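Worksheet for the structure shown next.
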Amino acid sequence: MEDASQSSLFSHRWTINVIVGFLFLFGLGIRMLDLTDLPLDFNPTRQLFSAVKARGMYYRYASDVPAWQQEMAIEQWEAKADVEPPVIETIVAGMYFVFGEHLWFGRIVASLFWLLGGLALFGLAQRIASIDGAIFALVYYLFIEFGAIASRSFQPDPLMVGLILCATWAFYRWYEEKTWKWAFTVGLLSGMAIFVKNVAVFPLLGAFALVILSTRGLKQALKDPQVWAVAVITALPTAIYMIDGLYISKSLDTAMGLRFFPNLWIDPAFYVRWKNIIGNTLGFGPFILALLGIFMAKPGIDRSLLLGTLLGYLVYGFVLPYHISTHNYYQLPLIVFIAFSLSVVGKSVFQKIIEINGRAIWVHAAVVCIILFVIASKMWNVRVDLARDDFRGEPQFWAELGDKLGHTTPVLGLTQDYGNRLAYWGWQRLDEWPTTGDQDLRALAGKTSSFDEIFNERIVGKQYFVVTNFKQFDGQPELKDKLFNTYPVIEQSPEYIIFDLQHQIVNQ
């Protein structure tokens, strides 16, 4: 690795330490804004899914909670499909035991893992670019507005991204030194990343495979025991989990369905949606710069690493085409490629600045001022987004609705976030009626049923049908007509409607 300080604007170690220290301080600060508000600001369905599971883990061993709540919390936890291993939920449940139950602990854990990934990014970016390039990449990674909000969400994705970055950094070090110490480190970190969320396999496998094949060749790689060690250690945790979930406990049967839709590959609208969601989340401008950065990277391991990470993301998108084009947080693995490649772009930008202006103090001051301006602008925008909505009044409404429904009463409902708000704050046992999006997804998979078949199947054993999501309710006129014309309304307000499914309206 070349001496980065020779081609960097910031060549003094104390200056670099101060700048990087402040970047991480501000990066943590932006994620702690509005800390104690409820996790409804970003992907609330998935955040509350984790909240329900973490509470169930905690309540299983808690001794100071009512027995009926303990039973309900455990039941709700076990009823949730195991989409991924409950890593972040287990960490948060452990924090509940030590510090008490605070839902915002999930934000702290996610944010810290994201910052850990930032350290790995900075370390690797110095090696493939320069100190300046690493700072450039770090500013993007820590302060892109979508990332700032998504990276503090109570779900496994921030942990996954942080571990992908750590694993890629370790892989680069292993490739430089070829020692068993780094081989085991790569295996452990990449294995952890894939275990947290298995889609991490795409950027990691893409980067690792392309680097190895392009620089050493398949035959030489297959003869290297360290390569085999990395592969086995990486695959082992997830392999054990998948075998158990698919063939022993069968806990993954539901979670693995309705994901692969190759018929979307020939739909032009799919590519338009995919392009738009990249632009709306991580920025189409940074993405294009990152694509150009591939050609600015040094041939060999550096260019192969960038290209492999990008190819892994593209394969990921084609394997999960519906989700990549409709779920914004599915873009988070792309931030790994963009940040890495922007370090190369940043290196060239700063080198040009030095070439034209030299290393005068005013140049340093101007660059620092620009960085601070970018950070302040992003922090202000995130603050405005978070302050726009205050969700602290939500628990009271859902608690009162849960009291009305009776908590353990069998209920079918069309409510926000697949019933997770009513389950978490209302302590209500609930089966959720499919949304229009769910119905479209099943139709896309060729799994169609008539309305009457679905309705008659879902209402079996249910006492009430509760509606709080009126946008979805109005979008399903057949359901709306069926309920109003067939079942009496027990109670109605601007916020909810409760239908009695045990009795039918008698037409005179």
- Please enumerate the residues belonging to region 326-353 that are of a type in the set (Ser, Thr, Tyr), at pLDDT below 95 and more than 16 Å from the chain's Cα centre (by Cα). Ser348
- Item | region 121-139 - residue that is in contact with a Ser or Thr (Cβ under 9 Å, 6 or more places away or on another chain) and more than 15 Å from Phe10 (Cα to Cα) and, of those, surrounded by the most Cβ atoms within 10 Å (Cβ to Cβ) | Leu121
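So that you can scan it fast, the table gives a plain yes or no per residue for (1) closer than 27 Å to Leu246 by Cα; (2) of a type in the set (A, V, I, L, M):
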{"site": "Phe270", "(1), (2)": "no, no"}
{"site": "Arg273", "(1), (2)": "no, no"}
{"site": "Gly285", "(1), (2)": "no, no"}
{"site": "Pro299", "(1), (2)": "no, no"}
{"site": "Ile324", "(1), (2)": "yes, yes"}
{"site": "Tyr330", "(1), (2)": "yes, no"}
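Out of the residues in region 77-90 meeting the condition of being part of a helix (DSSP H, G or I) and under 24 Å from Arg259 (Cα atoms), tell me which one is modelled with the lowest pLDDT.
First, the residues of region 77-90 that are part of a helix (DSSP H, G or I): 77-79, 87-90.
With under 24 Å from Arg259 (Cα atoms) added as a condition, the list becomes 77-79, 87-89.
Values: Trp77: 93, Glu78: 90, Ala79: 87, Val87: 96, Ile88: 97, Glu89: 97.
Top of the filtered list is Ala79.
Matching residues to (1) modelled with pLDDT under 95; (2) over 20 Å from Gln76 (Cβ atoms); (3) in the same structural domain as Leu405 (by TED's automatic domain parsing); (4) not aliphatic (A, V, I, L, M):
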{"residue": "Ala423", "(1), (2), (3), (4)": "no, no, yes, no"}
{"residue": "Gly426", "(1), (2), (3), (4)": "no, no, yes, yes"}
{"residue": "Arg442", "(1), (2), (3), (4)": "yes, yes, yes, yes"}
{"residue": "Thr448", "(1), (2), (3), (4)": "yes, yes, yes, yes"}
{"residue": "Glu453", "(1), (2), (3), (4)": "yes, yes, yes, yes"}
{"residue": "Gln463", "(1), (2), (3), (4)": "no, no, yes, yes"}
{"residue": "Asp481", "(1), (2), (3), (4)": "no, yes, yes, yes"}
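Of the residues in region 401-414, how many are part of a helix (DSSP H, G or I) and either modelled with pLDDT under 95 or surrounded by 14 or more Cβ atoms within 10 Å (Cβ to Cβ) (or both)? Walk me through it before giving the result.
First pass over region 401-414, keeping only residues part of a helix (DSSP H, G or I): 401-405.
Subsequent filtering for residues that are either modelled with pLDDT under 95 or surrounded by 14 or more Cβ atoms within 10 Å (Cβ to Cβ) (or both) retains 401-402, 404-405.
Here the count works out to 4.
Out of Trp274, Trp362, which single residue is in the same structural domain as Trp14 (by TED's automatic domain parsing), more than 26 Å from the chain's Cα centre (by Cα) and aromatic (Phe, Trp, Tyr)?
Values: Trp274 fails: more than 26 Å from the chain's Cα centre (by Cα).
Being in the same structural domain as Trp14 (by TED's automatic domain parsing), more than 26 Å from the chain's Cα centre (by Cα) and aromatic (Phe, Trp, Tyr) holds for just one of Trp274, Trp362, which is Trp362.
Condition test on Ala93, is it part of a helix (DSSP H, G or I) and either touching a residue at least 24 places away in the same chain (Cβ under 8 Å) or crowded, with 17+ Cβ neighbours inside 10 Å (or both)?
Against the criterion (part of a helix (DSSP H, G or I) and either touching a residue at least 24 places away in the same chain (Cβ under 8 Å) or crowded, with 17+ Cβ neighbours inside 10 Å (or both)), Ala93 qualifies.
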- Within region 495-508, the count of residues that are at pLDDT below 95 and within 40 Å of the chain's Cα centre (by Cα) comes to 0
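Leu210 - would you say it is in contact with a Gly (Cβ under 6 Å, 6 or more places away or on another chain) and either under 24 Å from Ser341 (Cα atoms) or surrounded by fewer than 16 Cβ atoms within 10 Å (Cβ to Cβ) (or both)? Explain how you work it out, then say what you get.
Numbers: in contact with a Gly (Cβ under 6 Å, 6 or more places away or on another chain): yes; either under 24 Å from Ser341 (Cα atoms) or surrounded by fewer than 16 Cβ atoms within 10 Å (Cβ to Cβ) (or both): yes.
It is true that Leu210 is in contact with a Gly (Cβ under 6 Å, 6 or more places away or on another chain) and either under 24 Å from Ser341 (Cα atoms) or surrounded by fewer than 16 Cβ atoms within 10 Å (Cβ to Cβ) (or both).
Identify, please: which residue in region 436-472 is part of a loop (DSSP other than H, G, I, E, B) and of a type in the set (Val, Ile, Thr) and is, among those, nearest to Tyr496 (Cα to Cα)?
First, pick out the residues of region 436-472 that are part of a loop (DSSP other than H, G, I, E, B): 445-450, 459-463, 468-469.
Among the residues that remain, those that are also of a type in the set (Val, Ile, Thr) are: 448, 459-460, 468.
Working: Thr448: 29, Ile459: 19, Val460: 22, Thr468: 5 Å.
Looking at the filtered set, the residue picked out is Thr468.
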- Tally of residues being surrounded by fewer than 17 Cβ atoms within 10 Å (Cβ to Cβ), in contact (Cβ under 8 Å) with a residue 12 or more places away in the chain and not in a helix (DSSP H, G or I) across region 272-317: 2
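Yes/no matrix, rows are residues, columns are (1) among the hydrophobic types (A, V, I, L, M, F, W, C); (2) in a helix (DSSP H, G or I):
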residue: Val384; (1), (2): yes, yes
residue: Phe391; (1), (2): yes, no
residue: Trp398; (1), (2): yes, yes
residue: Asn420; (1), (2): no, yes
- Query: Is there a residue being surrounded by 14 or more Cβ atoms within 10 Å (Cβ to Cβ), modelled with pLDDT of 95 or more and part of a helix (DSSP H, G or I) anywhere in region 8-21?
  - Reply: no
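The values are calculated or read from the model by the stated rules, or taken from the named source; none is laboratory data. From a predicted model like this one, the values you see are computed outputs, not experimental measurements. Here Cβ is always computed from backbone atoms with ideal geometry, including for glycine, and neighbour counts include all displayed protein chains.
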